[in-house]
Every structure is written in structure tokens, then in C-alpha cells.
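Laboratory data are not the source of any read-out in this text; all were calculated from the coordinates shown. No experiment lies behind these values; they were computed from the predicted model shown. For neighbour counting, all protein chains shown are included, and Cβ atoms are generated from backbone atoms with ideal geometry for every residue, glycine included.
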Amino acid sequence: MEITRTKSALVVALFALAACRGAPEANVPPRPPVESRAPNGAGQTPAFPEQTRAPERNANVAFEVVTVAQGLQNPWGIAFLPGGRMLVTERPGRLRIVHPDGTLSEPVAGLPAVDGRGQGGLLDVALDPGFASNQLIYWSYAEPQDGGRNNTAVARGRFVDDAAPRVEQVQVIFRQTPSLSSRAHFGSRLVFGRDGTLFVTLGERAMTEGRMQAQRMDGLLGKIVRIHADGSIPGDNPFVGKTGVRPEIWSIGHRNVQSATLHPRTGELWTVEHGARGGDEINIVRAGRDYGWPTIAYGIEYDGTPITGNITWKDGMEQPLYYWDPVIAPSGMTFYTGDLFPAWRGSLFVGALERTHLARLTVDGERIVGEERLLTDLQPERERIRDVRQGPDGALYLLTDNPDGRVLKLVPKK
Ligand SMILES: [Ca+2]
């Protein structure tokens, strides 16, 4: 249909308005959503119109994909050391220093054993906010227990950065309880808040026994917790002092959260959570809130049956800002704030394991108003993206989830 002059003027005015609100590619006309497949949750209605299938908005940024390093076995988490080097975890249990020229160090010695079965192993890594003076690093992992049980745990140690890199004075500062016999849903992103407290995202272990505890307050399955860097409990956590409630809990009702980052302006914790078939969701995770799993959810079970009572909303439970049906299987996320890609500033990037790609979301306040799929043709073998972070140089760094995994960086095309 021909667009009338009046409509064109209106469209221009709307884009000008959007530009004033800071969406960087607001002058790019929105297109139909990037997702064209039928949703799994047939008959489910979003709680508000923009909650899913945002219009495609392409920033049309020309970038190059540079392989920084390769030969990493299923890398999972990355942290940037001073001086251009990186710490990268390999899921089977190794932590390596990656040099800017792609050289890999020997595994850092001194880490405790991990349970590397299934989705388990050595997972995220983070530097202490005061790393320059205390050399403390933190890592999350699947901790083996007797009888095939395991749990997500977080340890810290002093990083000794010499010819034989190692961690010393290792302390386990957090253990998810109860342990279960499961190889899945370990959650595990580590994010320091601006006040120096540490958020740990968790899962419900992908079994009924764990799932049914995501709403229970006396255990840590299906929760996000907030602790001090030494593992002690912040006095201003939402449930401190409540009888029968674990004081580590920050929020409840999560399925499995493998993407988390702070919003660069508000400092709030944003996450992307793995749903079942058709329910990956973005949330702003606030103190004491209930994010609904498994009582409410979009999508269906993997076997095609309804989740719980096929309920997608309930009073007292948070709605996601955005959800994907079908899923993208999100892992790793960052808001882009750097100088290398001015057109990407303010965008939210999310790694996708399913339909391998890098999702770039246009964010307007607390709404997702555009979606773009980058790296849909990443080779070899359409590599899954496990983590995405902004480096100190303003490049976007990715980890690919492969037995021969890579560290990639996106830089402007010359
Ligand atoms: Ca939810």
C-alpha cells in the first residue's frame, strides 16, 4: 500500500520523538518481527502488546568478527584482566589466561574439583571490584557431592599472576541447597552490584523436585541470591530476619538464569532466563519479587503438555519485560556503552544457544522496542554463543560453546 504524505509525516514525527527518547536507531523504520515461526504457546496472550515479537530494527552497523583465541573447550565465562588479557573458564574445569595474541596459559592451578557432567562444570568468572588492590577472583561451578548429587557453588581466591598462575586462599563463599542428582539448570552468572554485593543467578535443576521448590522460601532452588563478597548476608536483603526464609534470597520463581548484567544507568540487575518450549524471558530482578516459575509461564513443556495450569499471569507475580516463543536459549548478556559502536550504545546484547545468533535489542526505558539478529551464519557449524561482554577497549567479546570454542571480538569494519 502506498504511504500517504500525511502518514509519512506522522511516521517521521514519531521517529523524531523516539530519537529524543534515546533509541539510537530510531530513524530506522521498524520491520516485521525477526521471528516468523508459530509460537508454541498457542492461544496465550501477551500481558501487554510489546511483550514479545518486537519489530525488527536493524542498526546497520558494519563490523568485523575477529578470532581472538581458539582451542578452548566449551568456554563459559570471561573476565577482563588489566593490561588486555582475559580470564576464560572452560566447562570441564579449567581456568585459563587468554593473551591478546591468542596464546592460552596453562590452567590456573588451585581450583576445586567440578562436576562436569551435562550442563555442569566450571561456569562463570568475575574479578573483585577491588581486584587491582586485592587480586581476588570469583568463580561459579557445579560442585560434586556424594551419591551423584551436586549443586551450584561460588568460590573465591587470590589470583597469583606469575609464570605458574594459580589461586591461593581459596574459600567457598556460597553453596546452593539442597543438592540434587541432576546434570542441568545450574544458573551461575556472577554480577557485582554497585554497592559491592554479589548477585548469583541460580536454576531449579531441571527436575520436578527442584522445580517445585522455586516458590519455597526455605531453600535456594530457582532463586537469585545476593551475598557479600565474603559470603556473608547483607543486612538489607529483603527476607533477612524472617522465620523459615533463607536470608540469601533476593528473588524467587526462576527456572534457569544464565544471563545477567547491571543496567548501566539504573544499576539494577537485568537477566534473561531460560524458559521451557516458548518462554525465554527478560526481567528486571528486584528485591523480594516473585518471577512466577513454575506457577506462571509462557510456552509449553518440552513434551508438549501445558506448564502447570497453562497460566501466564497472576497477581503478585512479575511479568517479564519481554519473552521469546519459540526460544533462543539465552546465555550471556551485556548493555553496550562503549565508543567503538556509537549506533549500538544502549542496546542490550544477548547470546543465543538455540537458533545460534547474537540478539541485539533496542531498549526504551523498560520496554524492548526492537530486535535484530546478528551472526546468524557464524561458522564453523553454526557455533552457539555462550557469553557476551563488552571489553575495556569497547569491542564486544563473545565465547562460542564448542569443544573447540573461540573468543571472538566484534570491531568496526575498516
Ligand atoms: Ca517468569
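Of the residues making up segment 378-398, just one is part of a loop (DSSP other than H, G, I, E, B) and among the polar types (S, T, N, Q), namely Gln379. Of the numbered criteria (1) over 19 Å from Glu204 (Cβ atoms); (2) away from the ligand (no atom under 14 Å from the Cβ); (3) among the acidic types (Asp, Glu), the one Asp325 fails is (2).
Assess whether Pro403 counts as being out of contact with any helix residue (DSSP H, G or I) (no Cβ under 9 Å at 6 or more places or on another chain), within 24 Å of Val98 (Cβ to Cβ) and surrounded by fewer than 21 Cβ atoms within 10 Å (Cβ to Cβ). Step through it out loud before you land on a result.
On the way: out of contact with any helix residue (DSSP H, G or I) (no Cβ under 9 Å at 6 or more places or on another chain): yes; within 24 Å of Val98 (Cβ to Cβ): yes; surrounded by fewer than 21 Cβ atoms within 10 Å (Cβ to Cβ): yes.
For Pro403, the condition - out of contact with any helix residue (DSSP H, G or I) (no Cβ under 9 Å at 6 or more places or on another chain), within 24 Å of Val98 (Cβ to Cβ) and surrounded by fewer than 21 Cβ atoms within 10 Å (Cβ to Cβ) - is met.
Taking the criterion of being touching a helix residue (DSSP H, G or I) at 6+ places or on another chain (Cβ under 9 Å) and surrounded by fewer than 24 Cβ atoms within 10 Å (Cβ to Cβ), the only residue of segment 265-318 that qualifies is Pro294.
The set of residues in segment 236-255 that are within 11 Å of the ligand (Cβ to nearest atom), under 29 Å from Ser347 (Cβ atoms) and crowded, with 24+ Cβ neighbours inside 10 Å comprises Ser251, His254, Arg255.
Please go through segment 33-61 and give me each residue that is in contact with a Ser or Thr (Cβ under 6 Å, 6 or more places away or on another chain) and polar (S, T, N, Q), ordered by number. First the steps, then the outcome.
The initial filter retains those residues of segment 33-61 that are in contact with a Ser or Thr (Cβ under 6 Å, 6 or more places away or on another chain), namely 44, 46, 57.
Of everything in segment 33-61, just one residue is in contact with a Ser or Thr (Cβ under 6 Å, 6 or more places away or on another chain) and polar (S, T, N, Q), namely Gln44.
Somewhere in segment 118-131, is a residue assigned to a loop (DSSP other than H, G, I, E, B) and more than 24 Å from the chain's Cα centre (by Cα)?
First, pick out the residues of segment 118-131 that are assigned to a loop (DSSP other than H, G, I, E, B): 118-121, 128-130.
Next, from what is left, pick out any that are more than 24 Å from the chain's Cα centre (by Cα): none.
The answer is no; no qualifying residue exists.
From the list Val154, Val167, the one residue that fits, being assigned to a strand (DSSP E or B) and farther than 14 Å from Phe192 by Cβ, is Val167.
Of the residues Gly338, Gly332, the single one that is in a loop (DSSP other than H, G, I, E, B), away from the ligand (no atom under 15 Å from the Cβ) and within 25 Å of Ala126 (Cα to Cα) is Gly338. Taking segment 93-110 as the range and being surrounded by 13 or more Cβ atoms within 10 Å (Cβ to Cβ) and more than 18 Å from Phe80 (Cβ to Cβ) as the test, the residues that pass are Gly93, Arg94, Pro107, Gly110.
When only residues in segment 146-159 that are surrounded by fewer than 16 Cβ atoms within 10 Å (Cβ to Cβ) and not basic (Lys, Arg) count, which is farthest from Pro107 (Cα to Cα)? Taking the candidates together, the pick is Gly147.
Taken over segment 184-202, the criterion of being under 22 Å from Pro234 (Cβ atoms), surrounded by 24 or more Cβ atoms within 10 Å (Cβ to Cβ) and not β-branched (Val, Ile, Thr) is satisfied by Gly187, Ser188, Arg189, Leu198, Leu202. If you go through segment 94-106 one residue at a time, do you hit one that is within 24 Å of the chain's Cα centre (by Cα) and assigned to a loop (DSSP other than H, G, I, E, B)? No.
If only one of Ser232, Ser259 is of a type in the set (Gly, Ala, Ser) and either within 16 Å of the ligand (Cβ to nearest atom) or in a helix (DSSP H, G or I) (or both), which one is it? Please lay out each step first, then the result.
On the way: Ser232 fails: either within 16 Å of the ligand (Cβ to nearest atom) or in a helix (DSSP H, G or I) (or both).
Within the list Ser232, Ser259, the selection yields Ser259.
When you look at Arg205, is it more than 15 Å from the ligand (Cβ to nearest atom) and within 22 Å of the chain's Cα centre (by Cα), yes or no? Judged against the criteria, Arg205 is a match. The number of residues in segment 200-229 that are over 24 Å from Trp76 (Cα atoms), in a loop (DSSP other than H, G, I, E, B) and free of Cβ contacts under 8 Å to residues at least 60 places away in the same chain comes to 5. Confirm whether Ala343 is over 20 Å from the mean Cα position of the chain (by Cα) and not in a loop (DSSP other than H, G, I, E, B). Yes, satisfied. If the condition is being under 29 Å from Arg85 (Cβ atoms) and surrounded by fewer than 16 Cβ atoms within 10 Å (Cβ to Cβ), then segment 346-381 contributes Gln379, Pro380, Glu381.
For segment 210-229, does any single residue satisfy the condition of being in contact with a helix residue (DSSP H, G or I) (Cβ under 8 Å, 6 or more places away or on another chain) and either crowded, with 20+ Cβ neighbours inside 10 Å or closer than 24 Å to Pro330 by Cβ (or both)?
As a first pass, look at segment 210-229 and keep what is in contact with a helix residue (DSSP H, G or I) (Cβ under 8 Å, 6 or more places away or on another chain): 221-222.
Cutting the leftovers down to either crowded, with 20+ Cβ neighbours inside 10 Å or closer than 24 Å to Pro330 by Cβ (or both) gives us 221-222.
Taking every residue of segment 210-229 in turn, at least one turns out to be in contact with a helix residue (DSSP H, G or I) (Cβ under 8 Å, 6 or more places away or on another chain) and either crowded, with 20+ Cβ neighbours inside 10 Å or closer than 24 Å to Pro330 by Cβ (or both).
Within segment 97-148, being among the small types (Gly, Ala, Ser) and farther than 23 Å from Gly196 by Cβ holds for Gly102, Ser105, Ala109, Gly110, Ala113, Gly116, Gly118, Gly120, Gly121, Ala142, Gly147, Gly148. Of the residues making up segment 277-310, just one is away from the ligand (no atom under 11 Å from the Cβ), assigned to a loop (DSSP other than H, G, I, E, B) and under 20 Å from Gly351 (Cβ atoms), namely Gly278.
Scanning segment 265-276 for residues that are small (Gly, Ala, Ser) and within 12 Å of the ligand (Cβ to nearest atom), which turns out farthest from the chain's Cα centre (by Cα)? Out of the qualifying residues, it is Ala276.
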